[in-house]
Amino acid sequence: MSTPLTPAPFRAPGSDGSGRHGYPPAPEPLPVPVMDNHTHLDFPNADVTVDVSAALDIAGSVGVQGAVQVGCDLESSRFTVQAVDQDPRLLGAVAIHPNDAPDYAKRGELEDALAEIEDLASHPRIRAIGETGLDFFRTEGEGLKHQRYSFRRHIDIAKRLGLTLQIHDRDAHDDVVQVLREEGAPERVVFHCFSGDEELARTCNNEGWYMSFAGTVTFKNAANLRAALAIAEPARVLVETDAPFLTPHPFRGRPNASYLIPHTVRTMAELTSTELSGLCAQIAENSVRAYGSWD
Ligand SMILES: [Zn+2]
Ligand SMILES: [Zn+2]
């Protein structure tokens, strides 16, 4: 089904009485533009389907000038290729998500799916293989074997195509690092929705891996994450929404979108005692180093 992409939820955030369940109001624009390096424009929010161009328009109006649209299965990876063709403000990432890989494997479809992912990844605006990795929170037992195998295969595809690897790591820091070391990491690795502590941040600093901070860093109970951000090399820091999930404080629980990233960036600037425009410029520079130019 082609997405009917209605701009309605973005028309006038906050000024339309959209209420507790609607999109939050647009924040004050950032002084220097940044990119959202991980978003899912194809995931609807309850009954709201997102219009790609409208979502990027409002993002642009608050200083979020581009995004990386991320595929999680064949359907959303195909959508991702369509989306990057449709809007030049997007780059893309394609993969079979670690929680979906076991289902593909059990149906005997994983090899074909990986072949199609590799095919889709040849598009010049697909710059990353992801999200892939390990998720010990939602997958268990036999499924983990398939998950590990799929992760290794995605690493191999990223290396052969010279693409960035976008990692989903949930409760699996040590194992993700171990698999990366065993396989040999691609040149550019991003931990999407970085959830590590100081130890993982130190590893990322040493290996030159990117740490992408999401709205979770704004949550009051994120002490480990804040400690990790405090020691993260500035040249390795990225920002993302993982929209429609992980809406930053103070709008936790409401739908997320790229235009809400200023909340996350402002919190990061406060936590690291960095001047806001300097942090934005650094994030933008890091984003281009991680994925190549959006131009
Ligand atoms: Zn993820
Ligand atoms: Zn995601």
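Points worth noting:
- Counting beta carbons within 10 Å around each of Glu233, Glu131 and listing the fewest first gives the order Glu233, Glu131.
- Amide H within-cut-off set for Asn37, under 5 Å, with H built and near neighbours excluded: Val68, Val239, Glu240, Thr241
- Result for the chain in a Gaussian network model with C-alpha springs under 10 Å: among Pro88, Pro24, Pro262, the largest mean-square fluctuation is at Pro88.
- For Trp209, Trp294, the sequence from fewest to most other C-beta atoms within 10 Å is Trp294, Trp209.
- With a Förster radius of 22 Å applied to the C-beta separation of Asn206 and Glu111, the computed FRET efficiency comes to 0.05.
- Every pair of different Cα atoms in the stretch 34-291 enters the Kirkwood calculation, which places the hydrodynamic radius at 18.0 Å.
- In the chain, a dipole from Cβ-located charges (positive for Lys and Arg, negative for Asp and Glu) runs towards its positive end, and of Asn205, Tyr104, Tyr23 it is Tyr23 whose Cα lies farthest in that direction.
- Neighbourhood net charge (10 Å Cβ-Cβ; Lys/Arg +1, Asp/Glu -1) for Leu238: 0
- Relative contact order (%) - criterion: Cα under 8 Å, at least six apart; region: the chain: 20
- This ranking places Val94, Val68, Val239, Val52 by how few other beta-carbon atoms lie within 10 Å of each, fewest first, which gives Val52, Val239, Val68, Val94.
- Counted over the stretch 42-183, the DSSP beta bridges are approximately 5% antiparallel.
- In order along the stretch 153-159, the phi-based Karplus estimate (6.51 cos²θ - 1.76 cosθ + 1.60, θ = phi - 60°) of 3J(HN,Hα) comes to 5, 5, 4, 4, 4, 4, 5 Hz; Gly and Pro are listed as x.
Where a number appears in this text, it was derived from the coordinates with a stated rule and is not lab data. Keep in mind that what you see is a predicted model, and the values were worked out from it rather than measured. So basically every Cβ, Gly included, is an ideal-geometry build from the backbone, and we count neighbours across all protein chains shown.
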